[in-house]
Amino acid sequence: MSPSDAPLTAPLPGLARTLVAARLLTPELARRSCEQARQRHLPLPRLLVDEKLLPSLAIAEAAARAFGLPLVDLDTCDMQQLTQTLIDARLLRQHQVVPLARHGARLCLGVADPSAEDAFAEIRFYTGLALELVVVEQDKLHRTLSALLDELPDSDIVLDQLDSLHLESELEPGANAQSEENALDEAPIVRFVNQLLGDAIARKASDIHLEPYEKLYRVRLRLDGLLKEVARPPPHSAARIAARLKIMAGCDVAERRLPQDGRIRLTLARGKAVDLRLSTLPTLWGEKLVLRILDANSAQLGIDALGFTEGQKQRYLDALGRRQGMILVTGPTGSGKTVTLYSGLNILNTSERNISTAEDPVEINLEGINQVAVNTKVGLDFASALRAFLRQNPDVMMVGEIRDLETAQIAIQAAQTGHLVLSTLHTNSAPETLTRLRGMGIANYNLATSLSLIVAQRLARRLCPHCKQPLHLPPHALLEAGFNEQQIPELSLFEAAGCACCNDGYKGRIGCYEVLPISERIARAIMSDADALSLAALAREEGYIDLRAAVLDKVAQGLTSLQEANRLL
């Protein structure tokens, strides 16, 4: 058989074969139409309708009968519902499908050609959803898609072009990175990674987790502090997705046995940039990847947007206004300590001050501040960075975290010799911070003379203002929750409901704080070796509000729910 005979003798694709069997097309006309559709990059139903070879309804009725699928009239569908369940616009344009509704992990898709298996496989790959197909008429499908795509706003995120990405590496890339990139630059993987990064940034996620298991590959986003599964790519794609992200982050693609860290900078529309920190971890079934999305704009929020009460804000500002002393911000990972510190650094960042920071890694870039990324491999740890700072006549120093006795001692000495020092520590409450520092080996007299302020914090999910609902509880339940009898008559509580504008009834987060200034009385108690409980009781006499009371205050204001307060504390 010669090449020229191939188009005439090759088997017809699914829909064309269906139309021939229904006696709507002759075999010759069907083959010619398939070839024209391939050359013009059009779906077969679109070409048949555009060329007036077949009416749209006849094609839809034949396809519905042959494939055993329901026939749906798009004119009866709610356009708003279609918009809310819309999947990626590029997929809609390319494959000429329209999303009709989503039911849990299943997406109802309106199609004119139910035989387009390659298109459906790609949509399943990108969305992580199972598909339920219904047949729709081609002319109505085209009209509906045009209306939907016209309504979509232009995206701020430009990820499809590799030259729009500025790749900033913290590690030396492997020697074979370029050849690996050429080999791995496959369109589905590139598009999936780009779409995943773009969606995570658009949804304001803080982390992206890509987790390989024996029989599945799971992608989760951390939205408002909680992880939520968003996709399940094919397990065999895990290694290629990992390699793609490692190339972008400047990691060694060939090294799969050891953890690695890297950094990616994405340039978005209008010159805006977003930094992502990549961490890899070898697991039983492959490399788990976590991408932390670092939003420099969070440092520009201003102290008023953090969630301090007026009294707490004033105490923080008073401590920042001192020429020397130490401010510690404590809490678990992901509680917003870095944003609180950087909001303070923004206030201090003037041309009259010399400010230096040592961080692991540098999460937010701020102009006017000398930021040092700790690198233990070359001997640059927090302690050595602090010693170097002291030789450069600093006014303000920030240490990313006090992890050991040496770092703590240098920071305390700096706070006692005319420098303002800011740092973080992992403790559950402000009074327990003193116990932790004592456990490291810091003497009581050094704590009493160097510490100015201790802030402990948590981030509570903020109730969505569009769908939150009133919650009515009996007085005894409110008393058990921690409210006092004076508050109960005026309490108006709300609970999460959930709508299209939020994540399970919540949208955004707000800080809850306990702020402990080291007053003269508390300093004397520290010198007397008072424990955390005694210090907390003494602080309450001076107006100290603990974390539970701070969270309940946000509940009473209608900003968060009692359920969220109980989750946090």
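Points worth noting:
- Hits in region 23-59 (condition: open to solvent by less than 40 Å² (accessible area, probe 1.4 Å) and either farther than 19 Å from residue 96 by Cα or free of Cβ contacts under 8 Å to residues at least 40 places away in the same chain (or both)): 25, 30, 33, 34, 37, 47, 54, 58
- Residue ID - modelled with the lowest pLDDT, chosen from residues in region 298-338 that are more than 19 Å from residue 400 (Cα to Cα) and among the hydrophobic types (A, V, I, L, M, F, W, C): 301
- In this structure, residue 325 does satisfy being in contact with a strand residue (DSSP E or B) (Cβ under 7 Å, 6 or more places away or on another chain) and open to solvent by less than 40 Å² (accessible area, probe 1.4 Å).
- Any hit, region 225-234, residues being under 24 Å from residue 284 (Cα atoms), in contact with a Leu (Cβ under 7 Å, 6 or more places away or on another chain) and in a helix (DSSP H, G or I): no
- Against the test of being in a helix (DSSP H, G or I) and modelled with pLDDT of 85 or more, the options 200, 147, 183, 119 yield a single qualifying residue, 200.
- For region 343-400, the tally of residues that are of a type outside the set (A, V, I, L, M), in a helix (DSSP H, G or I) and farther than 23 Å from residue 331 by Cα stands at 5.
- Annotation: residue 357 fulfils all but one of (1) in contact with a helix residue (DSSP H, G or I) (Cβ under 7 Å, 6 or more places away or on another chain); (2) of a type in the set (Val, Ile, Thr); (3) open to solvent by less than 50 Å² (accessible area, probe 1.4 Å); the unmet one is (1).
- Some residue of region 494-507 being in a helix (DSSP H, G or I) and among the aliphatic types (A, V, I, L, M): no
- Of the residues making up region 525-541, not one is in a helix (DSSP H, G or I), of a type outside the set (A, V, I, L, M) and touching a residue at least 60 places away in the same chain (Cβ under 8 Å).
- Residue check, residue 268 of a type in the set (A, V, I, L, M), within 27 Å of the chain's Cα centre (by Cα), modelled with pLDDT of 90 or more and open to solvent by 10 Å² or more (accessible area, probe 1.4 Å): no
- Scanning region 210-224 for residues that are under 24 Å from residue 510 (Cα atoms) and part of a loop (DSSP other than H, G, I, E, B) gives a single hit, 224.
- Among residues of region 273-291 that are closer than 14 Å to residue 245 by Cα, those with a Cβ under 6 angstrom from a residue that is exposed (fewer than 15 other Cβ atoms within 10 Å of the Cβ) and of a type outside the set (Asp, Glu), sequence gap 6+ or separate chain, pair up as 280/259; 281/259; 288/281.
- Across region 150-174, the qualifying residues are those that are part of a loop (DSSP other than H, G, I, E, B), open to solvent by less than 70 Å² (accessible area, probe 1.4 Å) and of a type in the set (Gly, Ala, Ser), and the one among them that is modelled with the highest pLDDT is 174.
- Of the candidates 239, 231, 273, the single residue that is open to solvent by 60 Å² or more (accessible area, probe 1.4 Å), among the small types (Gly, Ala, Ser) and out of contact with any helix residue (DSSP H, G or I) (no Cβ under 6 Å at 6 or more places or on another chain) is 239.
- Of everything listed in (1) out of contact with any Ser or Thr (no Cβ under 9 Å at 6 or more places or on another chain); (2) in contact (Cβ under 8 Å) with a residue 24 or more places away in the chain; (3) over 23 Å from residue 225 (Cα atoms), the single unmet condition for residue 464 is (3).
- Test: residue in region 464-487 that is over 21 Å from residue 563 (Cα atoms) and open to solvent by 50 Å² or more (accessible area, probe 1.4 Å): yes
- Residue 399 satisfies every condition listed in (1) closer than 19 Å to residue 454 by Cβ; (2) in contact with an Asp or Glu (Cβ under 7 Å, 6 or more places away or on another chain); (3) of a type in the set (A, V, I, L, M) except (2).
- Any hit, region 404-427, residues being over 23 Å from residue 357 (Cα atoms), over 33 Å from the mean Cα position of the chain (by Cα), open to solvent by 70 Å² or more (accessible area, probe 1.4 Å) and in contact (Cβ under 8 Å) with a residue 24 or more places away in the chain: no
The values are calculated or read from the model by the stated rules, or taken from the named source; none is laboratory data. Fair warning: this is a prediction, and the values are worked out from it, not measured in the lab. We place every Cβ from the backbone using ideal geometry, glycine too, and count neighbours over all the protein chains shown. Ligands, DNA and RNA are stripped out before the accessible areas are found, and what is left, the full protein with its side chains, is counted by its heavy atoms. Shrake-Rupley method; radii C 1.70, N 1.55, O 1.52, S 1.80 Å.
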